[in-house]
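The structure under discussion appears below in the form of structure tokens.
The values are calculated or read from the model by the stated rules, or taken from the named source; none is laboratory data. Everything quoted here is computed from the prediction, not taken from an experiment. Note: ideal-geometry Cβ built from the backbone for every residue, glycine included; neighbour counts use all protein chains shown. Just the protein is used for accessible areas: all its heavy atoms, side chains included, with ligands, DNA and RNA removed. Shrake-Rupley method; radii C 1.70, N 1.55, O 1.52, S 1.80 Å.
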Amino acid sequence: QVQLVESGGGLVQPGGSLRLSCTASGSIFSRSVMGWYRQAPGKQRDFVAAISSGGITNYAASVKGRFTISRDNAKNTLYLQMNSLDFEDTAVYYCNLYMSLNNYWGQGTQVTVSS
């Protein structure tokens, strides 16, 4: 069973930066597609960014150029560097691991952008 633990969320002012981390248990991390999703209050969970096992990245249009997804397979850790944060980035951010038709989710970490 895979467990994902996110960290790094918090309160930040508009224009600020945060880096989220997600650490995975088990041995499949390096072979998995990893992603970040977010869910704002009253809204559905939306795709933010993803990275393949080979390092190919994909971003939602709303975060492209501001967010950077990366992974460290030696540490079983996924990152999301978030710059130029805006009020609309406020949400719970979830880490996702996808492999062999299975999806695993973390518990989420809150990011609040407020002045």
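A few notes on this one:
- Within the range 4-41, considering residues that are modelled with pLDDT under 95 and not hydroxyl-bearing (S, T, Y), the one least open to solvent (accessible area, probe 1.4 Å): F29
So that you can scan it fast, the table gives a plain yes or no per residue for (1) in a strand (DSSP E or B); (2) in contact (Cβ under 8 Å) with a residue 60 or more places away in the chain; (3) of a type in the set (A, V, I, L, M, F, W, C):
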{"position": "M34", "(1), (2), (3)": "yes, yes, yes"}
{"position": "K43", "(1), (2), (3)": "no, no, no"}
{"position": "F47", "(1), (2), (3)": "yes, no, yes"}
{"position": "G55", "(1), (2), (3)": "no, no, no"}
{"position": "N58", "(1), (2), (3)": "yes, no, no"}
{"position": "A61", "(1), (2), (3)": "no, no, yes"}
{"position": "I69", "(1), (2), (3)": "yes, no, yes"}
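- Per the listing I56, I69, the residue uniquely among the hydrophobic types (A, V, I, L, M, F, W, C), surrounded by 13 or more Cβ atoms within 10 Å (Cβ to Cβ) and under 22 Å from T23 (Cβ atoms) is I69.
- Annotation: Q3 fulfils all but one of (1) under 20 Å from D86 (Cβ atoms); (2) over 14 Å from the mean Cα position of the chain (by Cα); the unmet one is (1).
- Residue in the range 72-80 that is hydrophobic (A, V, I, L, M, F, W, C) and surrounded by fewer than 13 Cβ atoms within 10 Å (Cβ to Cβ) present: yes
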